[in-house]
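Here is the structure we will look at, set down as structure tokens.
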Amino acid sequence: MGFQGEVWTVRGRTARGTPTGEPAGDGGGVAETAGAGAGGGGAEVGRAGGEAVAAGGAGDEIGEILIDDADFPWLSGRFTPGPGFGAVRDLFARELALAQGEKERWAEWETVCGEIGRRVALSSPDGPVPEFLLHIDGDRAWFRWSDEPFADEEADGDADGEHGRRDGQGEAGAGSENPPVR
């Protein structure tokens, strides 16, 4: 898996989850981010191609990640913010602070991760990935992803989830060398 040198993109999503800059489902056209500012979680700020556009900043590109390290299941690289990053900067800072914090705040961390998933899309050079866990800290970003949507963990009765707990203790087993925050 030669990921080094690849450029992955981070884009804003429309209120229905379509990445901005991707073809919109209902009215044709291309979704675009309309307006700037921090906006509330999932706040509608405009319409593109018949879809509501979530607050995402001045542009649809949140940033790019130039991959320089692959330590399966994590990829990491240099993050270059795009014009829409300011609208989600605080959300990523909060996610990172919670991930590095006390275990009692994992539920809050899960909520913030869900908000990131609603507002942000991650794309490989081959196209969008359906599920991901992304951390951004300054000019560094690291993430893991899945080619398949995650199953509803509650419905499956699998509290750790098919793809491992997000605290790094599931998929690779207890004491995993791949925690969510490095």
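The numbered conditions (1) under 13 Å from the mean Cα position of the chain (by Cα); (2) part of a helix (DSSP H, G or I); (3) surrounded by 19 or more Cβ atoms within 10 Å (Cβ to Cβ) are all true for residue 63 except (2).
Scanning the stretch 71-91 for residues that are within 15 Å of the chain's Cα centre (by Cα), closer than 15 Å to residue 143 by Cβ and assigned to a loop (DSSP other than H, G, I, E, B) yields one hit, 88.
Does residue 78 qualify as being in contact with a Pro (Cβ under 6 Å, 6 or more places away or on another chain), at pLDDT 95 or above and under 19 Å from residue 62 (Cβ atoms)? For residue 78, the condition - in contact with a Pro (Cβ under 6 Å, 6 or more places away or on another chain), at pLDDT 95 or above and under 19 Å from residue 62 (Cβ atoms) - is not met. How many residues does the stretch 97-113 hold that are more than 17 Å from residue 136 (Cα to Cα), small (Gly, Ala, Ser) and either in contact with a strand residue (DSSP E or B) (Cβ under 8 Å, 6 or more places away or on another chain) or part of a loop (DSSP other than H, G, I, E, B) (or both)? Residues flagged as more than 17 Å from residue 136 (Cα to Cα), small (Gly, Ala, Ser) and either in contact with a strand residue (DSSP E or B) (Cβ under 8 Å, 6 or more places away or on another chain) or part of a loop (DSSP other than H, G, I, E, B) (or both) within the stretch 97-113 amount to 0.
The values are calculated or read from the model by the stated rules, or taken from the named source; none is laboratory data. Being a predicted model, the structure only gives us computed values, none of them experimental. With ideal geometry, Cβ positions are generated from the backbone for all residues, glycine too; neighbour counts draw on all protein chains shown.
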